[in-house]
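Heads up: the structure comes next, in structure tokens.
The values are calculated or read from the model by the stated rules, or taken from the named source; none is laboratory data. None of these values were measured; they are calculated from a predicted model. Cβ: placed from backbone, ideal geometry, glycine included. Neighbour counts: every protein chain shown.
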Amino acid sequence: MPVNTYTIRIQRKRKTSDGRIDSHWKEYSVKATETTTILSILEEIKGEQDGTLTFRQSCRSAICGSCAMKIGGRTRLACKTHVGVVARDNVVEIASQANQPVLKDMAIDIGPFFERVHKITPYLTEGPETDAVTEKTAYDQVNHVTQCIMCGSCYSDCTMAEVSPEFIGPAALAKAFRFVSDPREGQKTKRLRQLAEPHMMWSCARCAMCVETCPKDVKPMEAIVKLRTRSVAKGFNDGPGPKHALAFHHDIQQSGHLNEFTLMMRTVGIMGTLEELGTAFHLLKKGKVPSLFPHKSAGLAELAKIYEILEQNPLDVETKAKEVVPE
Amino acid sequence: MKSHDLIIVGAGLAGMRAALEGVKAGIDVAIVTKIHPLRSHSCAAQGGVNGAIDPRDSRESHSYDTVKGGDYIGDEDAIELMCHEAPESILEMDRMGTPFSRVEGGLIAQRAFGGASFNRTCYAADRTGQVMLHTLWEQLVKADVRVYEECSMLRLVTDAEKHVAGIVVYDIKTGEVFPLRGKAVLMATGGYGRVFLSNTNATTNTGDGMALALRAGAPLADMEFVQFHPTGLLSSGILVTEGARGEGGYLINVHGERFMSKYAPNKLELASRDVVSRAEQTEILEGRGKNGAVFLDLRHLGKEKILERLPQIRQLAIDLEGVDAIHDPLPIRPTAHYSMGGIRTNMYGASPLQGLFSAGEAACVSVHGANRLGGNSLLDTIVFGKITGKHCCDWLKGKVLRNFAASEVDEVKSRIADLKRRPDQGVRPLALLQRTAGGMNQYFGVFRTPEIMQEGLAKLPAIRADYEKMHLDDKSDEFNIDLLRAFELGNLIDLSECIMRGAVARQESRGAHARTDFPDRDDENWRKHTLSQWDPGKQEVVLSYEAVRTVGKAEYAPKVRTY
């Protein structure tokens with residue numbers, strides 16, 4: 001395999017004496033093949049060029065979750081990312097994870113991330129809803145989310161966390177689903193009720209960034225959707241989140257279109273809608289308010305069929321196409 | 001000065017399992033770990049955990065396989081204890097929340113593993129260690145155990161009566177050095193795989209607990225027995241689980257021949273790890289390998305089985321080796337994997353050094369003897385984590401905190417200042433690590449030859465001298481990994497001396513220790529444990545020997561070991 005010369009641009013960060021973060025970009029030149037991992041390159045820079053370069057790492061095999069960092073604009077595990085995949089014109093930019101306080105270079109303060117995970121009661125609890133494990137398939141739902149290694153990539157790339165630090169984040173919610181979907185868990189309903197509180201599962205904007213970015217294919221957003229489905233099924237329909245989802249569901253099922261006006265009314269009520277009038281006028285000026293009386297879409301029968309299939313199996317909603325395994 | 005009844009160092013499976021016993025006993029227990037608990041290397045154990053949970057299997061059979069697998073140097077009382085406790089310890093993990101794979105009816109699924117006479121390896125797909133680690137961490141959160149995260153132990157402190165008094169801690173996040181007093185210290189710091197340059201281990205597996213125990217006066221046992229895993233990926237050394245062979249994978253040479261029929265006609269690929277590693281190395285040395293590797297062939301298992309049972313390792317091989325196991329054989333070679341040696345303890349995890357306990361890979365109880373069976377390491381961590389934790393809590397009753405001299409902290413501080421102050425004399429830490437660990441691969445690998453071993457041992461003084469000249473770029477207090485690695489390298493050098501001296505002295509071949517000049521096992525002279533101790537006067541490791549603990553059962557009597 002040919003050896004290339006790569007320019008590695010690293011955002012170096014240091015805490016100053018007054019607690020601010022001083023940052024600047026520094027470039028290193030490294031020879032590597034396309035399949036050299038970013039972690040190997042960082043180790044080479046630290047070992048041979050600049051021992052002050054700081055990053056976490058441990059297992060080298062994508063299972064300990066230490067080395068998540070921004071590589072080429074996306075959060076990835078350095079140990080499984082090939083330089084050839086992320087380099088543009090043989091240049092790679094590397095920085096610390098976003099949405100989290102930085103200690104030094106790529107080493108972030110992992111405290112706040114784990115505090116969020118602690119909030120979801122991250123252990124099996126006893127209670128009246130405990131079921132025995134009697135099927136081979138008992139953990140099919142659990143297995144998906146227990147692949148999570150708590151690397152923080154999803155939180156770092158979460159578009160909601162970027163604007164709302166109160167949001168508990170995708171990893172914690174995936175972990176919550178791990179317990180809700182475990183037959184042995186005794187307090188599934190209590191968990192769902194807690195997860196319906198503000199800044200929990202209903203705060204996710206379903207942008208699917210976490211599904212894209214997760215290095216272990218956990219698909220946190222799918223877990224969030226499944227939590228919501230189970231929560232609504234339990235009748236926890238209060239609050240703008242479930243109301244919005246139900247109104248959305250109603251509109252699409254009825255007409256194939258959203259009625260943005262009534263959607264708003266049903267989500268946040270009259271007062272809430274009045275508060276948003278400014279936004280509505282702004283949209284109106286830009287010609288972005290759809291008709292208040294939408295027509296019915298063609299192909300409603302097909303839509304009905306989609307709903308029928310989804311409702312038969314609400315827990316297996318796939319948000320990412322299954323990985324294609326070449327024959 | 002901060003203090004706890006029990007200080008556990010390391011937050012892998014053994015450390016966390018021990019901590020739960022402390023919680024149960026109501027003592028003040030704290031964990032000190034240089035990485036977040038979920039980063040611990042227990043997570044990398046893929047294949048599974050052994051236990052006779054099937055009514056057709058038996059604990060006796062498990063014990064017999066373990067005695068034989070360890071090539072008759074494991075302590076039989078400890079082996080029987082482990083195999084007896086195995087089913088309950090696994091079911092306990094299940095109750096705590098580990099999602100083990102299931103068979104129809106809901107029972108825990110079990111697969112075949114090397115050296116076992118029954119399919120007794122419980123698993124969770126190919127990420128058993130990871131789900132077990134996450135389960136124990138969940139329990140740790142539930143019990144609200146005090147964890148000093150990202151804090152490294154730089155010294156094990158004893159008082160004038162050679163009784164453990166606590167440890168000196170280095171907070172990686174801030175650079176603060178502080179004393180932590182404890183009535184007892186339990187080392188659960190894992191193995192020393194990083195002593196070898198080519199290894200399956202995490203970079204953090206530097207055997208810190210063993211090395212600091214050695215310097216504090218505790219004996220280490222059987223350090224020359226280092227397991228080479230038969231299936232490390234060629235380029236990175238990263239592990240491919242034995243479960244891949246358990247599911248039916250073949251080992252083939254460059255000509256496509258299943259060569260294990262020559263070396264282990266009955267068990268073939270599922271012979272004991274030492275046997276398979278030597279077979280591979282022989283194929284490679286005799287020219288039937290390619291680029292220093294032979295191949296693990298999974299293609300005949302079919303796409304479906306690979307995706308269901310071995311999804312993680314398939315992805316790993318794609319990511320790290322660029323090979324999809326569904327279509328091509330994986331290039332693999334024997335790679336340093338597991339430390340049978342460790343802090344010498346009795347069957348309850350107590351070291352001869354008063355107040356020092358150890359469990360898991362850091363300890364040498366010894367249940368693995370000269371060669372560990374696959375699936376017995378996870379078992380070791382949960383069984384002896386529990387037993388040692390419990391024993392430690394009993395032992396603690398009525399004990400008081402010992403005198404912790406302030407000079408201990410000052411010495412560590414001045415050592416740090418010295419390391420940072422050193423001028424650049426051209427010795428970089430990475431280069432020195434590569435020389436030390438590369439040498440271990442070269443001189444003390446799968447096969448050991450006297451002249452070659454002597455050549456390796458002769459390089460030790462120069463390595464020690466250069467260690468004192470090593471220069472660090474990073475002078476800062478916060479997150480100074482450069483500094484941390486300097487201490488770790490010192491530990492690795494001490495441990496490599498134990499391995500070298502033990503291997504040179506042991507004139508026989510047993511388990512993972514294969515001498516070209518003494519190809520046979522010598523039970524008359526060498527059925528005994530090697531003890532390594534630090535001689536402060538000579539400033540080197542000195543050896544002594546200790547008898548294997550036997551229980552007098554006829555079936556455990558040493559026999560020729562064939563698979």
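Pick out the one residue from A:Arg178, A:Arg193 that is charged (D, E, K, R), over 12 Å from the mean Cα position of the chain (by Cα), within 14 Å of chain B (Cβ to nearest Cβ) and not in a loop (DSSP other than H, G, I, E, B).
Exactly one residue qualifies, and that residue is A:Arg178.
When you scan segment B:308-322, do you find a residue that is of a type in the set (A, V, I, L, M, F, W, C), away from chain A (no Cβ under 14 Å), touching a Cys at 6+ places or on another chain (Cβ under 9 Å) and not in a loop (DSSP other than H, G, I, E, B), even just one?
Checking segment B:308-322: not a single residue is of a type in the set (A, V, I, L, M, F, W, C), away from chain A (no Cβ under 14 Å), touching a Cys at 6+ places or on another chain (Cβ under 9 Å) and not in a loop (DSSP other than H, G, I, E, B).
Can you report the number of residues in segment B:159-185 which are among the polar types (S, T, N, Q) and either buried (at least 24 other Cβ atoms within 10 Å of the Cβ) or in contact with a Ser or Thr (Cβ under 9 Å, 6 or more places away or on another chain) (or both)?
0
Could you tell me whether segment B:135-145 includes any residue that is within 26 Å of B:Arg59 (Cα to Cα), surrounded by 18 or more Cβ atoms within 10 Å (Cβ to Cβ) and modelled with pLDDT of 95 or more?
For segment B:135-145, residues within 26 Å of B:Arg59 (Cα to Cα), surrounded by 18 or more Cβ atoms within 10 Å (Cβ to Cβ) and modelled with pLDDT of 95 or more: present.
Where in segment B:157-255 are there strands (runs of 3 or more DSSP E), lying wholly inside it, with at least 1 residues that are under 30 Å from B:Asp71 (Cβ atoms)?
By residue number, B:177-187, B:226-233, B:250-252.
Would you please list the contacts, defined by Cβ atoms under 8 Å and residues six or more apart or on different chains, that run from a residue in segment B:253-265 that is without any contact (Cβ under 8 Å) to a residue 40 or more places away in the chain to a residue that is assigned to a loop (DSSP other than H, G, I, E, B) and surrounded by fewer than 12 Cβ atoms within 10 Å (Cβ to Cβ)?
Between residues of segment B:253-265 that are without any contact (Cβ under 8 Å) to a residue 40 or more places away in the chain and residues that are assigned to a loop (DSSP other than H, G, I, E, B) and surrounded by fewer than 12 Cβ atoms within 10 Å (Cβ to Cβ), there is no close pair.
Could you grab the pairs with beta carbons closer than 6 Å, sequence gap of 6+ or different chains, first residue in segment A:76-99 and more than 13 Å from chain B (Cβ to nearest Cβ) and under 18 Å from A:Ser58 (Cα atoms), second one of a type outside the set (Asp, Glu) and in a helix (DSSP H, G or I)?
Qualifying pairs under 6 Å: A:Gln97/A:Ser156.
Looking at the structure I just gave you, is B:Asp418 in a loop (DSSP other than H, G, I, E, B), more than 24 Å from the chain's Cα centre (by Cα) and of a type outside the set (Ser, Thr, Tyr)?
Taking the combined requirement at face value, the residue does not satisfy it.
Evaluate the following for A:Asp217: is it part of a helix (DSSP H, G or I) and among the charged types (D, E, K, R)?
Here the answer is no, as A:Asp217 does not meet what is asked.
Can you tell which of B:Ala221, B:Ala271, B:Ala216 is within 24 Å of B:Gly129 (Cβ to Cβ) and of a type in the set (A, V, I, L, M)?
Just one listed residue meets the conditions, B:Ala271.
Taking B:Ser496 as the residue in question, decide whether it is small (Gly, Ala, Ser) and either within 11 Å of another protein chain (Cβ to nearest Cβ) or free of Cβ contacts under 8 Å to residues at least 24 places away in the same chain (or both).
No.
Which residues, counting only those in segment B:344-368, are part of a loop (DSSP other than H, G, I, E, B) and under 16 Å from B:Met82 (Cα atoms)?
Listed by number, the residues that qualify are B:Thr345, B:Asn346, B:Met347, B:Tyr348, B:Gly349, B:Ala359, B:Val365, B:Ser366, B:Val367, B:His368.
Being more than 9 Å from every other protein chain (Cβ to nearest Cβ) and within 27 Å of A:Arg76 (Cβ to Cβ) is the filter here, so list the residues in segment B:323-336 that pass it.
Passing the criteria: B:Val323, B:Ala325, B:Asp328, B:Leu330, B:Pro331, B:Ile332, B:Thr335.
Would you mention how many residues in segment B:108-128 are within 20 Å of the chain's Cα centre (by Cα) and facing another protein chain (nearest Cβ under 8 Å)?
Here the count works out to 1.
For segment B:525-563, give me each residue that is of a type in the set (Val, Ile, Thr) and under 21 Å from the mean Cα position of the chain (by Cα).
B:Thr530, B:Val541, B:Val548 - these are the residues of segment B:525-563 that are of a type in the set (Val, Ile, Thr) and under 21 Å from the mean Cα position of the chain (by Cα).
Determine if segment B:328-349 includes at least one residue that is surrounded by fewer than 24 Cβ atoms within 10 Å (Cβ to Cβ), of a type in the set (D, E, K, R) and modelled with pLDDT of 95 or more.
Yes; the residues of segment B:328-349 include at least one that is surrounded by fewer than 24 Cβ atoms within 10 Å (Cβ to Cβ), of a type in the set (D, E, K, R) and modelled with pLDDT of 95 or more.
Could you tell me which of the residues A:Ile168, A:Ile224 is in contact with a His (Cβ under 7 Å, 6 or more places away or on another chain), of a type outside the set (S, T, N, Q), crowded, with 21+ Cβ neighbours inside 10 Å and within 27 Å of A:Gly127 (Cβ to Cβ)?
A:Ile168 is the lone residue from the list that is in contact with a His (Cβ under 7 Å, 6 or more places away or on another chain), of a type outside the set (S, T, N, Q), crowded, with 21+ Cβ neighbours inside 10 Å and within 27 Å of A:Gly127 (Cβ to Cβ).
Restricting attention to segment A:231-257, which residues are closer than 18 Å to A:Tyr307 by Cβ and either buried (at least 18 other Cβ atoms within 10 Å of the Cβ) or in contact with a Phe, Trp or Tyr (Cβ under 9 Å, 6 or more places away or on another chain) (or both)?
Residues satisfying the conditions are A:Val232, A:Pro242, A:His244, A:Ala245, A:Ala247, A:His249, A:Asp251, A:Ile252, A:Gln253.
Listed residues A:Thr130, A:Thr121; which is within 13 Å of chain B (Cβ to nearest Cβ), surrounded by fewer than 23 Cβ atoms within 10 Å (Cβ to Cβ), under 23 Å from B:Glu149 (Cβ atoms) and among the β-branched types (Val, Ile, Thr)?
A:Thr121
Would you mention how many residues in segment A:138-159 are more than 8 Å from chain B (Cβ to nearest Cβ) and surrounded by fewer than 22 Cβ atoms within 10 Å (Cβ to Cβ)?
4
Scan (1) in a loop (DSSP other than H, G, I, E, B); (2) surrounded by fewer than 21 Cβ atoms within 10 Å (Cβ to Cβ) for the single condition A:Glu212 breaks and write down its number.
(1)
Within segment B:457-489, count every residue that is of a type outside the set (D, E, K, R), surrounded by fewer than 21 Cβ atoms within 10 Å (Cβ to Cβ) and more than 14 Å from chain A (Cβ to nearest Cβ).
Number satisfying all stated conditions: 8.
I'm checking my understanding of the structure. Among residues of segment A:176-200 that are closer than 17 Å to A:Asp140 by Cβ and of a type in the set (D, E, K, R), which one is surrounded by the most Cβ atoms within 10 Å (Cβ to Cβ)?
That would be A:Arg178.
Please go through (1) polar (S, T, N, Q); (2) buried (at least 20 other Cβ atoms within 10 Å of the Cβ); (3) within 13 Å of the chain's Cα centre (by Cα) for A:Ser203 and return the number of the only condition it doesn't satisfy.
Going through the list (1) polar (S, T, N, Q); (2) buried (at least 20 other Cβ atoms within 10 Å of the Cβ); (3) within 13 Å of the chain's Cα centre (by Cα), A:Ser203 breaks only (2).
Run down A:Arg12, A:Arg76 and say which single residue is surrounded by fewer than 21 Cβ atoms within 10 Å (Cβ to Cβ), under 27 Å from B:Glu488 (Cβ atoms) and not β-branched (Val, Ile, Thr).
One residue alone meets the criteria, A:Arg12.
Within the set of pairs 6+ apart or on separate chains, which have a first residue in segment B:24-45 that is more than 9 Å from chain A (Cβ to nearest Cβ), a second that is aromatic (Phe, Trp, Tyr) and not in a strand (DSSP E or B), and C-beta atoms under 8 Å apart?
Pairs found: B:Pro37/B:Trp137.
Which residues, taken from segment A:19-65, are in contact with a Lys or Arg (Cβ under 9 Å, 6 or more places away or on another chain), more than 9 Å from chain B (Cβ to nearest Cβ) and not polar (S, T, N, Q)?
A:Ile21, A:Asp22, A:His24, A:Trp25, A:Lys26, A:Glu27, A:Tyr28, A:Ile38, A:Leu39
Which residue pairs have Cβ atoms under 8 Å apart, sit 6 or more places apart or on different chains, and have a first residue in segment B:134-156 that is more than 11 Å from chain A (Cβ to nearest Cβ) and closer than 20 Å to B:Gly209 by Cα and a second that is surrounded by 22 or more Cβ atoms within 10 Å (Cβ to Cβ) and among the charged types (D, E, K, R)?
B:Cys151/B:Lys34; B:Ser152/B:Lys34; B:Ser152/B:Asp208; B:Met153/B:Lys34; B:Met153/B:Asp208
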